[in-house]
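Below: the structure, in C-alpha cells.
The values are calculated or read from the model by the stated rules, or taken from the named source; none is laboratory data. Note that the structure is a prediction, hence the values are computed from the model and not measured. Cβ coordinates were reconstructed from backbone atoms using ideal geometry, including for glycine residues, and neighbour counts include every protein chain displayed. Each accessible area value is taken on the protein alone, full model and side chains, heavy atoms only, with ligands, DNA and RNA left out. Shrake-Rupley method; radii C 1.70, N 1.55, O 1.52, S 1.80 Å.
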Amino acid sequence: YGYDLSDEMIKNAIDLYGIGKNRFFRTLHEVNQIEKSDYIVASGIFNVKMSYTESQWLHYILSTLEIMNEKSIKGFAFNVLTKYSDPQKMRNDLYYADPLFFFDFCKRNFSKNVALLHDYGLYEFTILVRKGV
C-alpha cells in the first residue's frame, strides 16, 4: 500500500508501479486511514513543520507514532532530521529532533527491539521498531 498527501505523488506511484489485487496507492488525509499492515514505513513526513511550534510538532509526531504502532503487525520505521545537523544549514520551517529521545520513547512505549540508524551520511536518523522478536 502506498499513501501520500499529494495527489501528484499518488499519480506518479500508479504510473510507475501500477495497481493490482494487493497493491494500491491512495491520497491520505488522516494517518489513521492507513490499512493494518505487517510493516509501516514513514519517510520524510516529520521534516517540514512549517509554522508549528516545536511542542506542537512533537505532539503530532508522537501521535502519529502511536497510530503507526497500532496499525503495524510486525513493526514500523520512520526518519527525522537530526539535531546534529550543521547549525548554519538548519531552517526554521524544518524540525530537527533528538535521536536519543525517539529511541528512548520507542523502547519505553512500543518494543524492546528498537534500532537507531544515524550513520548513513544524511542529516537525519532512522528508527526501526520490531515487534514480537
### Message
Report every pair of residues separated by at least 6 positions or lying on different chains whose Cβ atoms are under 9 Å apart, first residue within segment 112-126 and farther than 21 Å from L94 by Cβ, second open to solvent by 80 Å² or more (accessible area, probe 1.4 Å) and not in a strand (DSSP E or B).
### Response
K112/V133; N113/K107; N113/G132; N113/V133; V114/K107
### Task
Report, by residue number, each residue of segment 37-52 that is open to solvent by less than 40 Å² (accessible area, probe 1.4 Å) and either part of a helix (DSSP H, G or I) or in contact (Cβ under 8 Å) with a residue 40 or more places away in the chain (or both).
F46, N47, K49
### Message
I need the full set of residues from segment 114-133 which are in a strand (DSSP E or B) and either more than 19 Å from V41 (Cβ to Cβ) or open to solvent by 50 Å² or more (accessible area, probe 1.4 Å) (or both), in order please.
### Response
L116, L117, R130
### Task
Scan I34, I67 and give me the residue that is at pLDDT 95 or above, more than 19 Å from G121 (Cβ to Cβ) and surrounded by 12 or more Cβ atoms within 10 Å (Cβ to Cβ).
I67
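Looking at segment 70-108 only, could you name the residues that are open to solvent by 80 Å² or more (accessible area, probe 1.4 Å), part of a helix (DSSP H, G or I) and in contact (Cβ under 8 Å) with a residue 24 or more places away in the chain? Can you show your working first?
Residues of segment 70-108 that are open to solvent by 80 Å² or more (accessible area, probe 1.4 Å), as a first pass: 70, 73-74, 83-84, 87-89, 91-92, 100-101, 107-108.
Going one step further and asking which of them are part of a helix (DSSP H, G or I), we end up with 70, 87-89, 100-101, 107-108.
Of everything in segment 70-108, just one residue is open to solvent by 80 Å² or more (accessible area, probe 1.4 Å), part of a helix (DSSP H, G or I) and in contact (Cβ under 8 Å) with a residue 24 or more places away in the chain, namely K89.
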### Message
What are the pairs with Cβ atoms under 7 angstrom where one residue, in segment 3-28, is farther than 16 Å from I40 by Cβ and the other, located anywhere, is among the acidic types (D, E) and open to solvent by 100 Å² or more (accessible area, probe 1.4 Å)? Sequence gap at least six, or different chains.
### Response
T27/D7
## Note on the structure
When segment 109-133 is checked residue by residue, the ones that are of a type in the set (A, V, I, L, M, F, W, C) and either within 16 Å of the chain's Cα centre (by Cα) or modelled with pLDDT of 95 or more (or both) are F110, V114, A115, L116, L117, L122, F125, I127, L128, V129
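Can you report the number of residues in segment 16-31 which are part of a strand (DSSP E or B), surrounded by 10 or more Cβ atoms within 10 Å (Cβ to Cβ) and not polar (S, T, N, Q)? Don't jump to the end; show me each part of the working.
Keep residues of segment 16-31 that are part of a strand (DSSP E or B), which gives 20, 23, 25-27.
After this cut, where a residue has to be surrounded by 10 or more Cβ atoms within 10 Å (Cβ to Cβ) as well, the list is 23, 25-27.
Narrowing further to those that are not polar (S, T, N, Q): 23, 25-26.
Adding up the residues that qualify gives 3.
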### Message
Being farther than 20 Å from V31 by Cβ and not polar (S, T, N, Q): is that true of F110 here?
### Response
no
